[in-house]
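The block underneath contains the structure these notes are about, expressed in structure tokens.
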Amino acid sequence: MRTQTTLVTAILLWACSTSDQTADDPFRWLEDVDGVEAVDWVDAHNEKTLASLQSHPVFDTLYGRNLESYRSEQSMAPPTVLGAFVYDLFQEGLDARGVWRRAALELYLRGEPQWEVVLDLDALSQVEGKNWVFKGAQCLPPENTRCMVRLSPGGSDAAEIREFDVERKAFVEGGFSLPEARTFYEWKDVNALYVATDFGEGTTTETGLPQVVKEWDRGTPLQQAKIIFETDSPGAWVFPIVERSGRRSYALIMYRASRSETIRFALHEGQLRELRIPVDARIRTNPGLGMLAVLLGSDWSVAGATYPEGSLLSIDYEGFLGGDSDFEVVFRPEERAHVLSFSLTENLLLVNILRDATAELYRHRRKNGRWILDPLDTPEHASTLFSGGIGSSDRFLFTSDGFLLPPTLSLAEEDGTVIRVRQQEPQFPPGPYTVNRNEATSVDGTRVPYFIVHRRDMAFDGRNRTLLDGYGGYGISMVPDYDPVLGVAWLERGGVYVLANIRGGGEFGPGWHRAAVREHRQRAFEDFIAVAEDLIARGISSPEHLGIMGHSNGGLLVGAVLTQRPELFNAAVVLNPVLDLYGVSDPDELGDAKDPNDWEFMRQYSPYHNVSTEKTYPMALFVTARTDDRAPPGDARKMTAKMEEKGHSVYFYEAIEGEHGGGVTLHERAFRDALIFTYLLDQLRGIP
């Protein structure tokens, strides 16, 4: 089921501080994640929810179909290319944590991979007595034989990191090893790392984000490693970035003064040098090309020129460090098109343009000192995204998919030839369905687009089970993608799926995001409500048959809309949410509850503070995970308890372990989603 996985979501950590909770909060005790009383409460609520939903006639069927879908989806996960091999994580058994495996690259590209196991997570978990979840590995090019493997206990963001030899298929005895923490690291060379982690008291923020970067030489105790950057500014954090081309590299230190402000320092010739780039810009470098690319988050005037927000610029890296500011414009934003992401290979600049919330991939090549658009053959009417480069070359992988189009992994050769590597088997027939694009009008007159997926013969009689999904925050864009579980559990059963591109997201550039931050966050909720009202007005659905769903920040969205306009919906799925904003310190996006002025507007949309006995709410479903340390389970627990206290019936389910995005095994993912769609099918009771 849909989750957004980007750099932003990978490092996003809700700044919740229970010490700032009001003394009269009667459910504060539920924030004690492993407390005996709290766990007893969770067990009782899980038992009640499972007794109701697991006994439903449709549950077992959905669970079985979900398993098939996830097995198929797993087979299409884009691999990581490291030198002459591709690597992926494969989970075969229902409860398997999986094996990290590899196959020769060229055999994989020919569709004839011969996989060998590099690390067995289940065997490791059994030997060490921990429920390890594989969170990726960073290997040192060009040999890619030494890797730092990230292991998470139960799926939390905090992880142990250990040096691993992929040729010996074993951890390096006496090698680099970092204890469990929220750690960021990069290889400097085979005998040194750049590390930002918890070095002890005073070296992290309240939420555990690092405030110190060290250069750690092999054989030196971690505490004695050389400090190369540190800050004690409240809330600020730091991490290293190293970008490579062949054996050349550029090292940077990223100083996150706030969520929207990043100051960059180059480690250049042994010295730290600040890159004079706007703090809300995004950058990439390429040592092979000697190039710096900059995506602007706001208008920028430099060297007599003004570049509008959303512009993608490039410049010679060494020249820029020397004072040159003559940027080349690669892309200028359009009304409904902006840069989603960009990447540099050995000689190419690859740019994903989000046009009407659908991703398109463009390739640029240097010619006569300028970037020239180099055509790339990609599928029409599909979201196409860069997947990864192949070594020190201009070959790269990309994926294409859509609501009704299964993912296709393709290889772009250096000469422009595109070869289909593999395509996921369809999990449901696309023929009976269609995808349309509609617009709703929000309270302030803003046109809010949304995608709608439904049967071609759908009757506009208001009786269609309809699921409205959204996010609306942090500049994250919601784009079409293939969700096999959504297809088999919802569309095949007559359901209508709607994806709203509300403000707060990044679908239409930085301004679309800024329009719904802090005291303007209500606009995101109003946009979502406007889409719901539009669905009802068009006869697509009706309050009896309309449900809403959101994950993470989308959980906040659904919680806010549920408390504000409950009469519009008959179901609400609230996944891994933050709902009590009193403990939140997120000044750039939501506000800082410690500031009385911020709390005045945050209080108006904090779901936990707006549960009323005067309103009638649909029976909502709150889903969370005990090991989620990005959006801890306390908020879902407390919201459930508060709604029950005020006389409202609620479903609640908490997984014992799980990542912020969901379960860590095939069984856990399929089980959770079977609960969700059983709930939706039963609650909405539309046309079967």
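The values are calculated or read from the model by the stated rules, or taken from the named source; none is laboratory data. From a predicted model like this one, the values you see are computed outputs, not experimental measurements. Note that each Cβ is placed from the backbone with ideal geometry, even for glycine, and that neighbours are counted across all protein chains shown. Heavy atoms of the whole protein, side chains included, go into the accessibility calculation; ligands, DNA and RNA do not. Shrake-Rupley method; radii C 1.70, N 1.55, O 1.52, S 1.80 Å.
How much area per residue is accessible in the stretch 90-194 when the probe is 1.4 Å and only protein heavy atoms are counted (Å²)?
43 Å²
Can you give the Kirkwood hydrodynamic radius of the stretch 49-179 from its Cα pairs, in Å with one decimal? Write out the running numbers ahead of the final one.
On the way: mean 1/r = 0.0605 Å⁻¹.
For the stretch 49-179, inverting the mean 1/r across all distinct Cα pairs yields 16.5 Å.
Measure out, as a whole number of angstrom, how far apart the alpha-carbon centroids of the stretch 368-439 and the stretch 195-253 sit.
First find each Cα centre; the distance between them is then 36 Å.
With Kirkwood's inverse mean 1/r over C-alpha pairs for Rh, give me the Rg to Rh ratio of the stretch 397-488, two decimals please.
Result: Rg/Rh = 1.06.
Determine ³J(HN,Hα), in whole Hz, for all residues of the stretch 176-184 in sequence, where each value follows from phi through the Karplus function 6.51 cos²θ - 1.76 cosθ + 1.60 and θ = phi - 60°; x replaces Gly and Pro.
3J(HN,Hα) across the stretch 176-184, in whole Hz: 4, 8, 10, x, 4, 5, 8, 10, 10.
Using the alpha carbons of the stretch 470-533, what is the convex hull volume per residue in cubic angstrom, as a whole number?
Given the Cα convex hull of the stretch 470-533, per-residue volume reads 80 Å³.
In Å and whole numbers, how far do the C-alpha atoms of the stretch 497-582 stretch along each principal axis, longest first?
Largest to smallest, the principal-axis extents are 33, 28, 20 Å.
For Arg422, which sequence-distant residues (separation of 5 or more, or a different chain) have an amide H within less than 5 Å of its own amide H, given hydrogens modelled in the peptide plane?
Correct list: Leu409.
For the stretch 336-491, report the convex hull volume of the alpha-carbon atoms normalised per residue, in Å³, without decimals.
Expressed per residue, the convex hull around the Cα atoms of the stretch 336-491 is 146 Å³.
What are the ³J(HN,Hα) couplings of the stretch 447-458, residue after residue, when phi is run through the Karplus curve with 6.51, -1.76, 1.60 and θ = phi - 60°? Round to Hz, x for glycine and proline.
7, 10, x, 8, 8, 9, 10, 7, 5, 4, 9, 4
In deg cm²/dmol, rounded to 500, what helix-only [θ] at 222 nm does the chain give when every DSSP H run of at least 4 residues adds -39500 (n - 2.57) and the total is split over its residues?
That calculation yields -6000 deg cm²/dmol at 222 nm.
For the stretch 554-563, just list the computed ³J(HN,Hα) in residue order, Karplus coefficients 6.51, -1.76 and 1.60, θ = phi - 60°, integers in Hz, with x standing in for Gly and Pro.
After applying 6.51 cos²θ - 1.76 cosθ + 1.60, I find x, x, 4, 4, 5, x, 5, 5, 4, 6 Hz.
If amide H atoms are built 1.01 Å from N in the plane of the peptide, which residues on other chains or at least 5 residues away come under 5 Å of the amide H of Ala159?
Amide H neighbours of Ala159, under 5 Å, 5+ apart: Ala181, Arg182, Thr183.
Which residues' amide hydrogens lie under 5 Å from the amide hydrogen of Tyr471, considering only partners 5 or more residues apart or on another chain, with H built in the peptide plane?
Ile502
Taking the alpha-carbon centroid of each part, what is the distance from the stretch 256-292 to the stretch 660-681 in angstrom?
Rounded to whole Å, the Cα centres lie 40 Å apart.
Please state the relative contact order of the chain as a whole percent: Cα pairs under 8 Å, 6+ residues apart?
Normalised by residue count, the contact order of the chain is 13 percent.
Based on the mean of other beta carbon atoms within 10 Å per residue, what is the order of 504-514, 54-64, most packed first?
504-514, 54-64
Could you work out the relative contact order of the stretch 573-688, using alpha carbon pairs under 8 angstrom and six or more residues apart, expressed as a whole percent?
26 percent
Mind putting a number on the dipole of the stretch 623-677 about its Cα centre? Charges go on the C-beta only, +1 for Lys and Arg and -1 for Asp and Glu, and I need it in Debye to the nearest 20. Don't skip to the end; give the middle numbers.
Numbers: 8 positive and 10 negative charges, 36 e Å.
With only Lys, Arg, Asp and Glu charged at Cβ, the dipole is about 180 debye.
Cα convex hull of the stretch 635-688: how many Å³ per residue?
95 Å³
To the nearest 20 Debye, how big is the dipole of the stretch 275-381 about its Cα centre, given +1 on the beta carbon of each Lys and Arg and -1 on that of each Asp and Glu?
Its charge dipole is roughly 180 debye.
What percent of all Cα-Cα pairs in the stretch 24-75 falls in each 10 Å bin, counting up from 0?
Going from the shortest bin to the longest, the percentages are 21, 27, 26, 23, 4, 0.
Taking just the alpha-carbon atoms of the stretch 537-587, what radius of gyration and Dmax come out, in angstrom?
Cα-based Rg and Dmax for the stretch 537-587 come out at 12.7, 41 Å.
In Å, what is the Rg of the alpha-carbon atoms in the stretch 373-417, and how long is Dmax?
Computed over the Cα atoms of the stretch 373-417, radius of gyration and Dmax are 11.0, 35 Å.
At q = 0.13, 0.18, 0.22 Å⁻¹, work out log10 I(q)/I(0) for the stretch 112-211 with the Debye formula, treating every Cα as an identical point scatterer and leaving solvent out; two decimals please.
With no solvent term, the Cα-only Debye profile gives -0.50, -0.91, -1.24.
When the scattering of the stretch 143-195 is computed by the Debye formula from its Cα atoms alone, each counted once and equally, what is log10 I(q)/I(0) at q = 0.15, 0.18, 0.23 Å⁻¹?
-0.41, -0.58, -0.90
Please give every one of the lysines within straight-line cross-link reach of Lys615, meaning a C-alpha to C-alpha distance under 23 Å, and leave out same-chain neighbours fewer than 8 residues apart.
Within the straight-line limit of under 23 Å, Lys615 reaches these lysines: Lys638, Lys642, Lys646.
Using the Cα atoms of the chain, I'd like the radius of gyration and the largest Cα-Cα distance, Dmax, both in angstrom.
Rg and Dmax of the chain, Cα atoms, are 24.7, 71 Å.
Give me the base-10 log of I(q)/I(0) for the stretch 147-272 at each q in 0.19, 0.21 Å⁻¹, Debye formula, one uniform scatterer per Cα, rounded to two decimals.
For the requested q values the scattering log ratios are -1.13, -1.34.
In square nanometres, what is the average projected area of the Cα convex hull of the stretch 599-673?
About 5.8 nm², averaged over all directions.
Which value in Å does the Kirkwood hydrodynamic radius of the stretch 340-421 take, with 1/r averaged over all unlike C-alpha pairs and then inverted?
For the stretch 340-421, the Kirkwood estimate is 12.9 Å.
For the chain, which whole-number percentage of the solvent-accessible area (1.4 Å probe, protein heavy atoms only) is attributable to carbon and sulfur atoms?
Answer for the chain is 48 percent, counting heavy atoms of protein chains only.
Given the peptides 231-242, 625-636, arrange them by the average over their residues of other C-beta atoms within 10 Å, most packed first.
Ranked from most to least packed, the peptides come out as 625-636, 231-242.
So which GluC sites (Glu not before Pro) in the stretch 238-293 are both in a DSSP loop and have at most 13 other Cβ atoms within 10 Å of their Cβ?
Glu269
Using the Kirkwood formula on the Cα atoms of the stretch 307-384, what hydrodynamic radius do you get, in angstrom to one decimal?
Values: mean 1/r = 0.0735 Å⁻¹.
About 13.6 Å for the stretch 307-384.
Strictly greater than 18 Å: what percent of every Cα pair in the stretch 255-372 meets that?
On the way: 3607 of 6903 pairs.
When every Cα pair of the stretch 255-372 is considered, 52 percent fall beyond 18 Å.
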